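Nothing in this text is a laboratory measurement; each read-out follows from the coordinates by a stated rule. Note that the structure is predicted; figures quoted are calculated from it, not measured. Note: ideal-geometry Cβ built from the backbone for every residue, glycine included; neighbour counts use all protein chains shown.
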């Protein structure tokens with residue numbers, strides 16, 4: 001190999017190492033941000049915002065397609081370890097609660113190709129919408145203006161937001177919230193009473209041990 005070619009090869013190796021190092025650092029930083037807590041949402045709207053994003057097949061779909069159902073709108077990303085841990089629970093909740101008028105909607109704030117590749121490896125049994133800046137805009141419309149994922153908004157069948165759960169959700173928390181949503185749908189509680197009931201129900205649960213980014 002001639003000297004110019006050796007210099008060119010060395011330059012490409014160094015450039016590749018720098019790019020890889022930045023990629024690993026960026027992913028680690030975003031995973032740490034996703035797992036940070038406690039997380040707080042501000043200015044949560046009373047009703048679910050209207051937004052449209054592409055699905056994995058590239059079709060533009062509006063959240064209004066699920067009007068009349070109680071929603072769990074879960075914001076996540078493929079690079080977020082707590083988000084990935086939630087998926088089996090969300091799959092199970094979708095299967096159990098869909099016949100009762102509930103729908104889990106995943107909103108992936110991520111690159112479209114990354115989400116499509118991820119979903120080929122990991123089964124996701126509920127509708128997924130995907131966006132980059134428009135995904136962040138949708139998150140902001142729920143009152144969350146940071147890259148702190150995951151978070152999940154719970155609505156009743158009228159589209160009123162009863163709570164936004166920040167961070168990884170666990171089964172006892174999800175069932176406690178969904179139980180209150182069902183009481184709202186049955187006319188047993190108004191929105192104010194429901195929000196208080198959710199706070200009380202979550203406070204009464206045993207503390208969930210902190211988990212790492214995995």
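Taking R0 as 35 Å, what FRET efficiency do you get between residue 100 and residue 57 from their Cβ-Cβ distance, rounded to the nearest 0.05?
That gives a FRET efficiency of 0.80.
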Stretched fully, the stretch from residue 145 through residue 65 gains (0.36 nm per residue minus C-alpha distance, one decimal, in nm) 26.3 nm
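Can you give the FRET efficiency to the nearest 0.05 for residue 132 and residue 43, using r as the Cβ-Cβ distance and R₀ = 25 Å?
For residue 132 and residue 43, the calculated efficiency is 0.65.
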Percent antiparallel among DSSP beta bridges confined to segment 93-214, rounded to 5, stands at 55 percent
Give me the distance in nm between label points sitting 7 Å out from Cα along the Cα-to-Cβ direction at residue 202 and residue 170, one decimal. 1.4 nm
Using the Cα atoms of segment 127-214, I'd like the radius of gyration and the largest Cα-Cα distance, Dmax, both in angstrom. 14.3, 42
For segment 52-203, compute Rh as the Kirkwood radius over C-alpha pairs and then the Stokes-Einstein diffusion coefficient at 25 °C and 0.890 mPa s; write the answer in µm²/s, rounded to an integer. 158 µm²/s
Computed label-point distance, nm, for sites residue 188 and residue 125 using a 7 Å Cα→Cβ extension: 2.6 nm
